[in-house]
Amino acid sequence: MSASGFFITFEGPEGAGKSTQLKLLADHLTGAGHSVVVTREPGGTPLAESIRDVVKHFSGPEPLLPETELLLFAAARAQHVRQVILPALAAGKVVLCDRFADSTEAYQGAGRALDAEFLRKLNYFATAWRMPDLTLLIDLAPEIGMARARARALRNGQVQENDRLEAEKMEFHRKVREGFLAIARREPERVKVFDGTLPAEMLHREIVKAVHHVL
């Protein structure tokens, strides 16, 4: 790994197990002697976390329009990249991020059908033209993923949050999945696809092999 650090993102549809796999990889890399920064999108800074709360949980008398949603995600990303990600990479650290620009292309591009060319340009501006070195896409059918998310909430005794994106119809989530897979087909060197139906430990081993191959 160079002094400029290494940037790894986790992507996938709802309930794919990204957060679990990110934590497992963070523990593994830390144990191997790497300096690791764990973060997420939207969020990662106090301001970006405030935007996250709006974009994921807003419920008011007016709709949160798809165009507004896109720009809020971009605003949170611009803050996050410049305040957290770029400084960590400059310090030679491994940055692990739960979701990044590919989620915008999948959710707001494929899911919301917003203009793909404008969306890519906006993503490049928001990310300061710093895309991930490696993206780990955990693929899962949305029917399975949404069932997992509901079961997890029940198992933990949680009240289901008012998550605007999770509450979308199944057809939306199918489009999101296809959006992710289209990115993987377009950028196979950066985006590696993993089977989200694998047991967590087996999936972790597959991810570790892919990461060590590039690190």
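What follows is calculated from the coordinates using simple rules that are stated; it is not laboratory data. In this text the structure is predicted, and so the values were computed from the model without any measurement. So basically every Cβ, Gly included, is an ideal-geometry build from the backbone, and we count neighbours across all protein chains shown.
Here are some notes:
- Across the chain, the mean sequence separation of Cα contacts (distance under 8 Å, 6 or more residues apart), normalised by length, yields a relative contact order of 32 percent.
- Working note: Cα gyration tensor of the chain, eigenvalues times five, square-rooted, sorted largest first, giving semi-axes of 25, 21, 17 Å.
- Look at where the Cα atoms of region 58-134 and of region 2-21 average out, and the two centres are 14 Å apart.
- Here the label points at residue 174 and residue 23, each 7 Å from Cα along the C-beta direction, are separated by 3.3 nm in the simple model.
- Listed pairs 93/192; 121/209; 93/169; 56/169; 56/209 exceeding 27 Å between Cα atoms: 121/209; 93/169; 56/209
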